Every structure is written in structure tokens, then in C-alpha cells.
1. Run the reach check for residue 47 against aspartates and glutamates, Cα to Cα strictly under 13 Å, same-chain hits fewer than 8 apart removed. What comes back?
2. Calculate I(q)/I(0) for the stretch 210-252 by the Debye formula, one identical point scatterer on each C-alpha and no solvent, and give its log10 at q = 0.17, 0.34 Å⁻¹ to two decimals.
3. I need the GluC sites (Glu not before Pro) found in the stretch 126-212, filtered to DSSP loop residues with at most 11 other beta carbons within 10 Å of theirs.
4. Which chymotrypsin sites (Phe, Trp or Tyr not before Pro) in the stretch 311-365 pass both tests, a DSSP loop state and at most 13 other beta-carbon atoms within 10 Å?
5. Relative to the compact globular guide of 2.2 N^0.38 Å, what is the alpha carbon radius of gyration of the stretch 1-61, as a ratio?
6. Filter the chain for me: DSSP H helices, axial length by Cα at least 18 angstrom, mean Kyte-Doolittle hydropathy not below -0.5. List them by residue number.
7. Suppose a student asked you for the relative contact order of the stretch 187-312, using Cα pairs under 8 Å spaced at least 6 residues apart; what percent would you report?
8. Report P(r) for the chain: all Cα-Cα distances, bin width 20 Å, range 0 to the bin holding the largest distance, values in whole percent.
Amino acid sequence: MTVRTTALDAVDLGDPATFAEHDLGAFWRTLRDTAPVHWNPPAGGRKGFWVLSRHEDIMATYRDDVHFTSERGNVLVTLLGGGDAGAGRMLAVTDGPRHHELRKILQRVLSPRVLDEVARTVRANTRRWIREAVESGGCDFAEEIAGRIPMTTISSLLGVPEEDREFLLSLTKAALSTEDEGVGEVESEMARNEILMYFMDIVEERRESPGDDVISMLVASSLDGVPLSDEDVVLNCYSLIIGGDETSRLTMIDCVRTLAAQPEEWRRLKHGEVAIDTAVDEVLRWASPTMHFGRSVVRETELHGVRMRPGEIVTLWHASGNRDERVFDRPETFDLGRTPNKHLAFGYGPHFCVGSYLAKVEIAELLMALRDFTTGFEQTAESLPIRSNFLTGFSTLPVRFLPDHSGLKEVD
Ligand code: HEM
């Protein structure tokens, strides 16, 4: 299919319906080939914005904190809505030396030493839940497994009590899947506020009686000799929970859905023909759960002869960059043995995902548990796609598992 320039203008990337109702593969290919700096015109009351679709341009923009900033938001919803309330205080929307210092603190609290313990919990939980699902014949993987792994992981990292986790999960779903059926912008805003209020209470508790969790570590941290305020701690807890829950969940759902549909790739995994780490990267490239991130122009710059002016919004589309034929051999093929695999699922440059190690641990444990406990699985009913201009994936995934009796006999 060839998409003409006029047809390109008809595709509104600000509208969640665009992603739910169309396969954009041909659109992205045409943009990469003919309009690598594309202007998404104003529509539906939203401002226009630039769209970058090539892998190389996305990387260059992520790297460039001279012409671009994250401080006016880093996703369309905040960029178009006039900014992010956490600007200058929440890691993802802070730039410059403050970002550097804050990132050092978060990298420390997410260091392998701290995560070693968490990784063991991820392994134990994942193996238990997959084993139970296989033994019972099947489940809604999205709800019963993918819905539990990331939230339990981040909650144990932050020291969120067991009994509050279900409640927090429902809030994060409402906070991010803004356009999901039945969740409007008002409910979503309320959910975001409730998360912040919830963490405010926990921070107060930890100031009085610290533990060995990440919140207690943040509470004890200083930036340039000034202790982090309660609000700063809360905003960054919020960003860990928001950043680490839905992205990992959607990736795991996409992983199982794709493996069910591609028996040859499943066979390669099952028979140990592909390294787990290599497979994890392909799962991430394939899912690309965050379709875009964005920046605002702070100094005039030019790309492919197109001038971008201060105040304008530039969006970077992983959905396209991770399928760029200039970088990936057979980009439309899901190949668990793909190397090299320079995917952009975690972004690039100074804001590269600080939770990438944890996310990879979660996906690796999922692949290993599937490999060990089941001989194969099939999807038994259609999945429900989420509606968003930021995230992509499915909220349901009914599957039937075939048990691997020898794997199940082994005690972990
Ligand atoms: C940043 C994706 C998991 C926390 C980012 C960015 C991307 C990303 C693309 C860059 C944003 C930008 O440049 O504006 C993902 C994906 C994940 C994942 C695809 C799972 C498959 C996690 C987890 C955590 C986390 C598990 C927390 C434990 C963060 C934070 C940032 C970030 C705090 C901001 C980093 C900074 O600005 O320096 N993530 N992420 N993410 N992510 Fe993740």
C-alpha cells in the first residue's frame, strides 16, 4: 500500500483511536522513506507536533539536551497539555545537572546490590504463578500473571504493604490508560492524585521509622547537600511505579501472545536454541510498549532540511524506529536469536530507562518459567487492545497451557 502525502496528514497520531483502529506499518514505512521529519497537523483541539520515525534521528534527538528539553513534558499528553507538574523534580522530566544528581540517587537505589534481593523475589513469584497456571490448564495471562509480576516487584522495592497492592494496581491502570473504555481524563487525573497522596502517607511513616526499602533510602538522600523534600520523594516513587508497571506488563502480555502465534520461535526457546538475554531484547523490540516519547525544542535546530523552532513539540516514535529497515535486518520478523539488536524500547542517552535491568529480569524470568513448565500454549479467545496514543498492547490474554511434566516435577 502506498500512502500519499495528503493521506499522511489524515493520520492523527495524537488520537488514540488511530492506533486502535489501524495497522500503521505502511504509514511508518512511508514516513521513514519520504518524510522523516513529518508535521502532525493540529487536530481535535490539539496543537500540531513534529514526528521523527527513523532510528538514527530518534537516537540523535534523545542524545541532544542542548536543543531539546524534557522539562515541559516527555509524552504527548503532558507536552500538549502545557507541561508536567513534576518538571524539575521528577527524574524523567528534569534536565541538566539536577537530572544528573537525581539520576545518581535513583541508580543507587536501583543498583544490582539492592535488586539482587528483588530479582530473587521476581524469580520465585514468576515460577510459582506460571506453575499454578500450567497445572490448572490455563488462565487470563494478562490478569493473573502479567498483572501481578511488575506491581509486586516495584511494590516490594518501595516497601508497599501486600494489602495495598491491588488498590495501587487499579490506580496505575486508570492513571495511564487514559483512553481505555470507561476511563476519561478526569478519572485518570484523580487516579494520579490518589497515587501521590498514598505515597505522601508512606513517606511520613518512613521518616518516623525507616526500613531498608527504596522509599526509606530516598528519604535519607540529599541533592547538593539539601535533603530531598517529601514531595520530591513522592514524585519519584510515582515515576517508578508508573514507569515500571504498565510497560513491563504490556511487554510480557505481548511476549506470550506472540509466542503463541509463532510456534517456530517458541520451539527455538523451548529447545534452548536461543540465549535468554538475546530473546529478551527481541521481545522488547517487538512489543515496543511505549510507542513514543517526546521533547520540546529550546534552541532552533534543523533536521533533513526542516527547521524546528523553540516551543515546538518533537515526538520520537519507537513504534517506527524499532522497525527501521536501515538498522534491522527483516524488521517485520520476530526473531528471538536476533543480534545485534539496537532497539529503542528503553530510549537512549541521558534519560535511558533507569529500570531497564529490572524490566529485563522480569521478562527473562517469564521466558525461563515458560520454557521449564510448559510444552506449549495457545490463545483461546481474542485479546482486548488498550486505547492510548502512548502505550500499545492488550489488556486480556486467555491462554491454555500444556504441562511439561518433567519440568513441573523439579523443585525450584
Ligand atoms: C525512562 C521504557 C521499565 C522507570 C524510560 C524511557 C523509556 C522507558 C523509553 C525514556 C523516557 C525518556 O527519554 O523521556 C521502559 C520500558 C520498560 C520500562 C519499555 C519495560 C519493559 C521500567 C521500570 C522502571 C522504570 C521497571 C522502574 C523500576 C523509569 C524511570 C525513567 C524511565 C524512572 C526516567 C529515567 C530518566 O529520566 O533518567 N523508560 N521502561 N522503567 N524509566 Fe523505564
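1. Result set, ordered by chain and number: 12, 15, 312.
2. Scattering profile of the stretch 210-252, log10 relative to I(0): -0.54, -1.11.
3. The qualifying sites are 181.
4. 352
5. Dividing the Cα radius of gyration by 2.2 N^0.38 Å gives 1.10.
6. Helices meeting the span and hydropathy rule in the chain are 230-261, 356-373.
7. 15
8. Bins of 20 Å from zero give 26, 59, 15, 0 percent of pairs.
Computed from the coordinates by the stated procedures, all read-outs in this text should not be read as laboratory data. As the structure is a computational prediction, the values presented were derived from the model and not from experiment. Neighbour counts run over all protein chains shown; Cβ positions are idealised from the backbone, glycine included.
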